[in-house]
Amino acid sequence: MTDVVARGLTKTFGRVTAVRDMSFTAPAGTITGFLGPNGSGKTTTLRMALGLVQPTGGDVLIGGVPYARLAHPRRRVGALLEATGFHPGRRARDHLRVLAAAERIPDRRVDEVLGQVDLAEAAGRRVRGFSLGMRQRLGIAAALLGDPEVLLLDEPVNGLDPAGIAWLRGLLRRLAAEGRTILLASHLLGEIAQTADHVLIVSSGQLRFAGPLREIGETNEALESAFLDLT
């Protein structure tokens, strides 16, 4: 089992503190909702977890070690930070083949994940013709490519229609049931309420609440202190 643990995580950019002394655990086998308004520090936290941003203080451990010290980290951790990192002229299958080759992942896995995200019929299409929702699905396919134990997803429902959102919820629940660790960042309380087991509420770079989803309804103070206006 692979937990994700932040310990005293802090990041400053000049005079701005984006994340302040944040500590939490995203347990294995659960969907942890990372809830907060835009600009609350969620994306910066995920980027620090992936070693893309160096913390000013503290650290993030994945299975007890930093991301950079994991053996084959992209096979251990799958991530979706944005759905714009695609070459527009590249076909969907070729995009995933490039990623697979870098990690020595067999080509057959490319077709498996394309089927998993319901893009098999669009595999030969160029990404420039994809809708935002299709790009999100391709980004999720890339995150799943290494069959990872941990998924870090930033606003994954962006661009998905209601059927796509329902599909994603089902997929994440199945993956969590297999014992994987899922950290799902969103500014939508309603989405987190229908998807997550465990919730982290953040605002202004600080953790305001951490606990089971059922406890949110028992403590409005958690939402009020986070200055959230979420539906």
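The values are calculated or read from the model by the stated rules, or taken from the named source; none is laboratory data. Predicted model only: the values in this text are computed from it and were never measured. Virtual Cβ from ideal backbone geometry, glycine too; neighbours counted across all protein chains shown.
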So for segment 128-145 (the condition being in a loop (DSSP other than H, G, I, E, B), modelled with pLDDT of 90 or more and aromatic (F, W, Y)), does at least one residue qualify? yes
The one condition F34 fails out of (1) hydrophobic (A, V, I, L, M, F, W, C); (2) part of a strand (DSSP E or B); (3) surrounded by fewer than 23 Cβ atoms within 10 Å (Cβ to Cβ); (4) in contact with a Phe, Trp or Tyr (Cβ under 9 Å, 6 or more places away or on another chain) is (3)
Conditions (1) more than 22 Å from E149 (Cβ to Cβ); (2) part of a helix (DSSP H, G or I); (3) in contact with a strand residue (DSSP E or B) (Cβ under 7 Å, 6 or more places away or on another chain) -> T45 fails only (1)
message: Considering only segment 202-225, I want to know if a residue exists there that is within 19 Å of T2 (Cβ to Cβ), small (G, A, S) and modelled with pLDDT under 95.
response: yes
The one condition A102 fails out of (1) more than 24 Å from H198 (Cα to Cα); (2) crowded, with 20+ Cβ neighbours inside 10 Å is (2)
If you go through G36, G41, G57, the only one that is closer than 30 Å to Q206 by Cβ and touching a helix residue (DSSP H, G or I) at 6+ places or on another chain (Cβ under 7 Å) is G36
A careful count of residues in segment 81-113 that are of a type in the set (D, E, K, R), in contact with an Asp or Glu (Cβ under 8 Å, 6 or more places away or on another chain), modelled with pLDDT of 90 or more and farther than 11 Å from A141 by Cα gives 1
Worksheet item: Based on what the data block shows, is T44 buried (at least 19 other Cβ atoms within 10 Å of the Cβ), within 22 Å of V157 (Cα to Cα) and either out of contact with any Leu (no Cβ under 8 Å at 6 or more places or on another chain) or among the basic types (K, R) (or both)?
Response: yes
- prompt: Going by the conditions given, is A120 aliphatic (A, V, I, L, M) and surrounded by fewer than 18 Cβ atoms within 10 Å (Cβ to Cβ)?
  reply: yes
Based on what the data block shows, is G57 of a type outside the set (D, E), over 25 Å from R137 (Cβ atoms), over 12 Å from the mean Cα position of the chain (by Cα) and modelled with pLDDT under 95? no
